[in-house]
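The values are calculated or read from the model by the stated rules, or taken from the named source; none is laboratory data. Keep in mind that what you see is a predicted model, and the values were worked out from it rather than measured. FYI the Cβ positions are ideal-geometry reconstructions off the backbone, even for glycines, and counts take in every protein chain you see. Each accessible area value is taken on the protein alone, full model and side chains, heavy atoms only, with ligands, DNA and RNA left out. Shrake-Rupley method; radii C 1.70, N 1.55, O 1.52, S 1.80 Å.
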Amino acid sequence: MEVLMLFAVFFVLLFAGIPIAFALGISSAAYLFTAGIPLTIVPQRMFAGMDSFVLLCIPGFILAGNLMNVGNITEHIVRFSNAVVGHIRGGLGLANVGGSMIFGGISGTAVADAASVGAVMIPGMAKSGYDKPFAAAVTAASSTIGPIIPPSVPMIIVGSLSGISVGRMFIAGVVPGILLALGMMITVYVLAVKRGYPKEKRATLKEILSEGKSAFWALLMTFIILYGIIGGFFTPTEASIVACIYALVVGMFVYKGLNWRNLPGLFVDAALTSAALMMLVGLANLFGWILTSERIPQMIADGILGISDNPLMVILILNLILLFVGTFMETIAALIILFPALLGVATGVGVDPVHFGIMAVLNLMIGLTTPPVGICLFVVSGIGEIRMSEVARAIVPFLLCNLAVLVLVMYIPAISLWLPNLVMGPAG
């Protein structure tokens, strides 16, 4: 009875448009009240969910993304990408994907990517003769690369939940992220040729070198973060602080987009965003604790294995569950509630934990661009001032492309595991 109350309240609130954090908290409180459990458990479980050192890097990467955006670092990344590929048919779309790929290697969040790159690229592409829905769709789809190529906030959550090495997860995301980018670039080119989208004047070698020199400090930021983590010079949490300091210095003294007056607002914005995420983490942990106490994860595992114990079929079922959940639930909440249970099922049929972690994050990133609740779709439709339905139609080819990459990652473990095994050795 109490479990039915939990899910009934949760789904009613969710489909009524209540923010996911409040839906989790109110439904959990309804369960506790009905079950006669003291509400003192609420702060205990929330604090237990937030009490993780690795989660400290979330506000760091959020602030780094804000500093990049205001400090003109994003603009230099996009301009360099355009100088390299702008002369190809649909070149601005290709530059959009390339810019997202580089930006994602710094901020680690899809929404930050969609907002910052979209603010530069969507108006620019529309002015150059691209359809606005296409420009918005490219931006939303390519923003999902960010949390796959390290650093990645969802991967940090996975590591804090399961004990999987965050550094190994970061390295495992590199090849799938590159495959996503290549797949989307091919999709952009095919659609551009079919629809006759424009191409820019070919940049001379001198112009490419000039833009490369201008973007050098932005590109170096990505290298410092990745090399520092992979080389063991600092942890992901320390990397987020290095990213903030670097973005502050470069944005203020090199690109001169930042000034002292900007900083209070940027710090407040990062603090508010981080607080909202941590509140979500805490309430999702409370919800997950209730599910665990009711043995819901075990029931899910038994149900899946009751259908089949064939590893290929189990992987397919797990991915279908994650894809479905990702279409209507926020990524971090979905990970906290589902990942521990589904990880147990996956490892039970021989799937490597890192491989499954990459699959889970990729699934939920695709959900960010899937109607009806894909948050990145709302972000780009707002920037482009176009209807959500138009973006939803335009993004279909990119969703199909991303699903094709997902299938490759699902059934070819080496795509995820080859690089971390090469760099860090096989997992113990």
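With respect to Lys213, determine if the residue is among the basic types (Lys, Arg) and modelled with pLDDT under 85. Lay out the reasoning, then the answer.
Numbers: among the basic types (Lys, Arg): yes; modelled with pLDDT under 85: yes.
Yes; evaluated as a whole, the condition is true for this residue.
Conditions (1) farther than 27 Å from Leu56 by Cβ; (2) aliphatic (A, V, I, L, M), marked per residue:
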{"position": "Arg202", "(1), (2)": "yes, no"}
{"position": "Pro236", "(1), (2)": "no, no"}
{"position": "Ser240", "(1), (2)": "no, no"}
{"position": "Val249", "(1), (2)": "no, yes"}
{"position": "Phe253", "(1), (2)": "no, no"}
{"position": "Lys256", "(1), (2)": "yes, no"}
{"position": "Leu272", "(1), (2)": "no, yes"}
{"position": "Leu283", "(1), (2)": "no, yes"}
Of the candidates Ala35, Ala30, Ala23, the one satisfying the condition of being closer than 27 Å to Val281 by Cα, crowded, with 23+ Cβ neighbours inside 10 Å and not β-branched (Val, Ile, Thr) is Ala23
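Checking the structure you have, find out if any residue of segment 372-381 is without any contact (Cβ under 8 Å) to a residue 60 or more places away in the chain and within 19 Å of Ile321 (Cα to Cα). First the steps, then the outcome.
Initial filter on segment 372-381 (without any contact (Cβ under 8 Å) to a residue 60 or more places away in the chain): 372-373, 378.
Applying the additional criterion that residues be within 19 Å of Ile321 (Cα to Cα) yields 372-373.
For segment 372-381, residues without any contact (Cβ under 8 Å) to a residue 60 or more places away in the chain and within 19 Å of Ile321 (Cα to Cα): present.
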Apart from one, (1) within 30 Å of Gly49 (Cβ to Cβ); (2) open to solvent by less than 40 Å² (accessible area, probe 1.4 Å); (3) touching a Gly at 6+ places or on another chain (Cβ under 7 Å) all hold for Arg168; the odd one out is (3)
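Looking at the structure I just gave you, is Phe324 under 21 Å from the mean Cα position of the chain (by Cα) and either on the phi > 0 side of the Ramachandran plot or surrounded by fewer than 19 Cβ atoms within 10 Å (Cβ to Cβ) (or both)? Before the answer, list the steps.
Working: under 21 Å from the mean Cα position of the chain (by Cα): yes; either on the phi > 0 side of the Ramachandran plot or surrounded by fewer than 19 Cβ atoms within 10 Å (Cβ to Cβ) (or both): yes.
Criteria met by Phe324.
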For Val407, the lone unmet condition from (1) at pLDDT below 90; (2) farther than 26 Å from Ala276 by Cα is (1)
Of the residues in segment 51-61 that are open to solvent by 20 Å² or more (accessible area, probe 1.4 Å) and in contact (Cβ under 8 Å) with a residue 40 or more places away in the chain, the one that is nearest to Leu272 (Cα to Cα) is Pro59
Selection over segment 259-287 where residues are open to solvent by 50 Å² or more (accessible area, probe 1.4 Å) and of a type in the set (Ser, Thr, Tyr) yields a count of 1
Every listed condition ((1) farther than 15 Å from Gly357 by Cα; (2) open to solvent by less than 30 Å² (accessible area, probe 1.4 Å); (3) modelled with pLDDT under 90) holds for Cys401 save (3)
When (1) under 27 Å from the mean Cα position of the chain (by Cα); (2) under 17 Å from Ala30 (Cα atoms) are applied to Ala275, the one that fails is (2)
Result of the Cβ filter at 8 Å on segment 408-428, keeping first residues that are without any contact (Cβ under 8 Å) to a residue 40 or more places away in the chain and partners that are among the aliphatic types (A, V, I, L, M), at least 6 apart or interchain, is Asn421/Ala427
